[in-house]
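Take a look at the following structure, please.
The values are calculated or read from the model by the stated rules, or taken from the named source; none is laboratory data. Since the structure is predicted, the reported quantities are computational estimates derived from the model, not experimental observations. Every residue, glycine among them, receives a Cβ derived from its backbone with ideal geometry; neighbour counts consider all protein chains shown.
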Amino acid sequence: MAATGKALLIEYELEFLELKLSELKAYIEDTPFSSLKDRMQKRGSVNICVATKEVQRKDLTQALKDYAEILRTVDAMRTREDKKKIAVRGDEDLGSQAKQYLEKRQRS
């Protein structure tokens, strides 16, 4: 049975969010708080502080908050999608007519 366009779009969005979640997790793991140092860059003969430890820590803390928020969103979307699935005996999918019948029956 072919999936509807909306279901495919939601599945694509979930995959995208999960990919971004894994990238953010890798960034957080690669940047521990204990290894933060002021980032200096040489401009001509003068060293300039590009990012202080405090700014980097704030960014990392924000990344952790973003990670938790995205994780909650993905979990909520997965839960909502699982609730939409109709329980069918065995590992079979419903045919289109049976699915339409059940959707119409649930609305009324």
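Filtering the stretch 5-23 down to residues that are surrounded by 11 or more Cβ atoms within 10 Å (Cβ to Cβ) and modelled with pLDDT under 75, which residue is nearest to LYS84 (Cα to Cα)?
ALA7
In addition: Go through the stretch 71-84 residue by residue and tally those that are hydrophobic (A, V, I, L, M, F, W, C) and in contact (Cβ under 8 Å) with a residue 60 or more places away in the chain.
Final tally of qualifying residues: 2.
Output the residues belonging to the stretch 8-53 that are more than 23 Å from LYS65 (Cα to Cα), more than 15 Å from the chain's Cα centre (by Cα) and not in a strand (DSSP E or B).
Answer for the stretch 8-53, where residues must be more than 23 Å from LYS65 (Cα to Cα), more than 15 Å from the chain's Cα centre (by Cα) and not in a strand (DSSP E or B): LEU8, GLY44, SER45.
Among the residues of the stretch 36-70, how many are in contact (Cβ under 8 Å) with a residue 24 or more places away in the chain and among the small types (Gly, Ala, Ser)?
Residues in the stretch 36-70 being in contact (Cβ under 8 Å) with a residue 24 or more places away in the chain and among the small types (Gly, Ala, Ser): 1 in total.
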